[in-house]
Every structure is written in C-alpha cells, then in structure tokens.
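Q: Quick one: the structure is below, and I'll ask about it shortly.
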Ligand code: NAI
Ligand code: MG
C-alpha cells in the first residue's frame, strides 16, 4: 500500500532532521516491502513567511487533509516572534485537524546514559499523554491599555468537559495497554481553582470506567521532583497542554537529550491525518552545522509507521536506531562526535542488515 505523507521541514534543524527521517523511512519501506511512502514536501516556514506574509496558504488545512499522515520538523526562527511562528503553523494544524492527543514516549535507549545517577535503563519507561487542543494553549485572552503603565494582558486557560473526558479516556486506554497499568494524573488545582478543579473532577469520574488501572494524582511542581528522584515509580502520565509540554522536555533530558524525544499528534477518530514530530524546536544555535541529533526524528517516524498499522516495522526501526546508539555512533548532545548524516547512514546500514 502507498501512503501519502505531507512533510513540513519548517526551520533550522527541522530541515536536516526531516531529510534524515525521509531517508530512513525510504530505506525501511524498501527493506520491509509491505508499504511505500510518497513524500510531498511543503515549504511552509519562517523563510516563506517573510516573503509571502503567511506560513500556510488559506487552503493549507484542506491540502493536508488529503494525506495519510503529516511529518513535521520544527518551526521558529529568531527574526520572527515565536508566538507568530507557533500560531502560524504548528498550533493551527493541531487544532484544525482535531489532533487532541499528543503522545510522548520516553525511555532510555540502548547505549545512552541518563544524567541521573542511580537510573538503570529499565527504571525509566514512561508515556506522557499531553492534552493537545485546549487548556493553557487555547489562545484566548487579550491586551488592554497597551504601551502604557497600566497594561494588562490575560492568557485564559480553557478546560471543557468534552476535552477532559476524551484525553483521560485516551490516557486510561494507554495505561491499560501497558504492563504496569498505572496512570499518574498531573494537576495544579491547589492554586488554579476553576479549570484545574474541573480537570480533577472529570478525572475522578472517568477513573470509574477503568477499575483495572491504578491511579495517582500529583501537583505539577512536586511531579518534577518525583521524575528526578523516583523515575521508576511512574509509567503513564496525563497532563495539560502546558504542564506536559514542560514535563516532556524534562523527561527527554532525563532520558539522555532533547534530541532523542518523539511525539505523535493524534486524531484518535482517524478522520484527519495525524502528525509526527520530534519534540525539540529549530535549534538556531546548531542549525546548519550538520550536528543535529536525528534520533528524535527517527523515533517519531517509527511512531508514524506504527500509527499507519505496521507495528513490526516500527519496532524494527527502533531496534536499528538502538543498535546504532549502542555502537556509540552518536551526536554531540549524547556525548558522541558524529554528525547527522553519519548517524543516518549508520541507521540505514542497520536496516539493510534486517
Ligand atoms: P530547541 O529545542 O530548539 O533547543 C533547545 C536546546 O536543545 C538548544 O541548545 C539546541 O541546540 C538543543 N537541541 C534541540 N534539538 C536538538 C537536536 N536534535 N540535536 C542536538 N541538540 C538539540 O528549543 P528553543 O531553543 O527553546 O527554541 C528554538 C526555536 O524553536 C524557537 O523559535 C521555538 O519557538 C521553536 N520551537 C518549535 C517547536 C516546534 O516546532 N514544535 C518546539 C519547541 C520550540
Ligand atoms: Mg515543547
């Protein structure tokens, strides 16, 4: 079967790692042979924004809907304010294509050492489920008395019953599908007394549907401490858009580097294409140097293959990536000295051996 993939490399290292992911996916489909990818590259980026005045053309969403999946690099560049670039591309795609779940798996890959002492690889194996459609990133608010000494800006978090119910059900299903059947819910309802209280209340309701899943509840500040001191006590984690955004960068660092972490923006109804992207940004500090770690991009690619129905091929890809990290073919962020292309070639060679 041929899958049509919309590729949006975006800015900075998004361009390098998307190229690397396409190469590896092509090698995987050549070797495994049960599927083919037809990649279409979209040049939507901060560069084209400066030329045309927009990131996506007006019919951008309609264009994307024609694809089986979207593969995304990163967006953002120092000469465009970050709220313009994020709201110009990635956030509207997530919203308009109903990608209300963001799944962020974290574990310590073979050959990678956690910066935590006392953290053997098996003690950190998490899936963070991020609410991806509302909460603190709902985009509601405004500014009054701008440019005066009385300026007030509001940033309103929005929590809906429907939004909470669907993310919790997805999180419980994920927890149930994993051996430990354990779900930790993250909140801040001690200080935030409306939205977060609804969030807690709906969690308590949905929990009743999953008596086989063990649950606990953490305030987000205490959660950061627990992730560092007792990583083995966690398994599946569900958190709001902002909290999970922050916790997943911490999780990535604890598992070795932000450069290895993957994410899937899913529309679980499958009415719209889902989108796969490493969690890192465009990394202007290392862009164009050929040293970006492509592992997060490969992991995201593996999750795309899994979502499209090829579980075994996804596992093969991750095995090959881990053979490479175990052989110490690593970029600098992981303490190695290889470049993006060397790591990519090494993964392709591993795939050929399968
Ligand atoms: P960042 O993730 O781009 O970089 C943070 C640090 O991690 C930098 O030192 C960078 O060199 C390093 N790093 C990131 N990915 C790496 C990789 N694959 N290999 C090796 N090192 C890596 O976050 P930052 O600097 O806060 O944001 C830069 C730009 O990216 C901003 O414009 C921001 O808004 C945007 N951004 C976009 C995202 C997206 O498109 N989904 C997500 C996060 C940030
Ligand atoms: Mg982030």
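Read-outs throughout are calculated quantities, based only on the coordinates presented, and are distinct from any laboratory measurement. Here the structure is a predicted model, which is why all the values come from computation and not from measurement. Cβ atoms come from the backbone with ideal geometry, glycine included; neighbour counts cover every protein chain shown.
Q: Cβ neighbours within 10 Å, averaged per peptide: list 278-284, 129-135 in order, most packed at the top. Show your work: numbers first, answer last.
A: On the way: 278-284: 23.1, 129-135: 25.1.
Peptide ranking by packing, descending: 129-135, 278-284.
Q: Further question on the same structure: Using Cα pairs closer than 8 Å and at least 6 residues apart in sequence, work out the relative contact order for the chain, in percent.
A: Working: 720 pairs, mean separation 80.4, N = 354.
That works out to 23 percent.
Q: Determine the shape class of region 114-255: with a ≥ b ≥ c the square roots of the Cα gyration tensor eigenvalues, call it rounded for a/c under 1.5, and otherwise prolate if a/b is greater than b/c, oblate otherwise.
A: Numbers: a/c = 2.60, a/b = 1.46, b/c = 1.77.
Cα axes put region 114-255 in the oblate bin.
Q: How big is the C-alpha Rg of region 200-354 next to the rule-of-thumb value 2.2 N^0.38 Å, as a ratio? Let's see the in-between values first.
A: Details: Rg = 17.8 Å, N = 155, 2.2 N^0.38 = 15.0 Å.
In units of the 2.2 N^0.38 Å rule of thumb, it is 1.19.
Q: Here's another thing I want to ask about it. In percent, how large is the relative contact order of region 1-120, given Cα pairs closer than 8 Å and 6 or more residues apart? Provide the component values of the computation, followed by the final result.
A: Working: 148 pairs, mean separation 38.8, N = 120.
Normalised by residue count, the contact order of region 1-120 is 32 percent.
Q: Next question, about the same structure. In terms of the Cα gyration tensor, with a ≥ b ≥ c the square roots of its eigenvalues, is region 1-140 rounded because a/c is under 1.5, prolate because a/b exceeds b/c, or oblate?
A: Numbers: a/c = 1.71, a/b = 1.24, b/c = 1.39.
Here region 1-140 falls in the oblate category.
Q: Another question, if that's okay. In whole angstrom, how long is each semi-axis of the equivalent ellipsoid of region 19-101, when you take the square root of 5 times every eigenvalue of its Cα gyration tensor and sort them from largest down?
A: Working: eigenvalues 143, 47, 27 Å².
Working through the eigenvalues yields semi-axes of 27, 15, 12 Å.
Q: Using a simple spin-label model with points 7 Å from Cα along the Cα→Cβ vector, what separation in nm is obtained for residue 145 and residue 222?
A: Computed distance between label sites residue 145 and residue 222 equals 3.8 nm.
Q: Where a ≥ b ≥ c are the square roots of the eigenvalues of the C-alpha gyration tensor, would you call region 261-323 rounded, which needs a/c under 1.5, or, failing that, prolate if a/b is larger than b/c, or oblate?
A: In terms of gyration-tensor shape, oblate.
Q: Now for a separate question. To the nearest 0.05, what FRET efficiency results for residue 328 and residue 152 with a Förster distance of 56 Å applied to their C-beta separation?
A: The computed FRET efficiency comes out at 0.55.
Q: Provide the gained length on full extension for the span residue 84 to residue 214, in nm with one decimal, where the gain is 0.36 nm per separating residue minus the Cα-Cα distance. Display every interim value, and only then the final one.
A: On the way: separation 130, 0.36 × 130 = 46.80 nm, distance 4.09 nm.
Additional length available on full extension: 42.7 nm.
Q: Hey, what D do you get for the chain in µm²/s if you plug the Kirkwood alpha-carbon radius into Stokes-Einstein at 20 °C and 1.002 mPa s?
A: It comes out at roughly 102 µm²/s.
Q: So what's the gap between the Cα centers of region 49-85 and region 278-299, to the nearest angstrom?
A: Each part's Cα centre sits 18 Å from the other's.
Q: In addition: Quick one: compute a quarter of the convex hull surface over the Cα atoms of region 106-158 and quote it in nm². Write out the running numbers ahead of the final one.
A: Values: hull surface 28.1 nm².
Taking the Cα atoms of region 106-158, their convex hull projects to 7.0 nm² on average.
Q: For region 232-313, what is the relative contact order in percent, using Cα pairs closer than 8 Å and at least 6 residues apart in sequence? Could the numbers behind the result be given before it?
A: Values: 81 pairs, mean separation 21.8, N = 82.
Relative contact order for region 232-313 comes out at 27 percent.
Q: Here is a follow-up. What is the antiparallel percent of DSSP beta bridges lying wholly in the chain, to the nearest 5? Kindly include the intermediate steps, with their values, before the conclusion.
A: Numbers: 20 of 47 bridges.
Here the antiparallel bridges make up roughly 45 percent for the chain.
Q: For region 117-173 and region 326-354, compute the distance between their C-alpha centroids and round to whole Å.
A: Region 117-173 and region 326-354 have Cα centres separated by 34 Å.
Q: Which percent, nearest 5, of DSSP beta bridges in region 114-255 are antiparallel? Show your work: numbers first, answer last.
A: Details: 6 of 19 bridges.
Among the beta bridges of region 114-255, antiparallel pairing accounts for roughly 30 percent.
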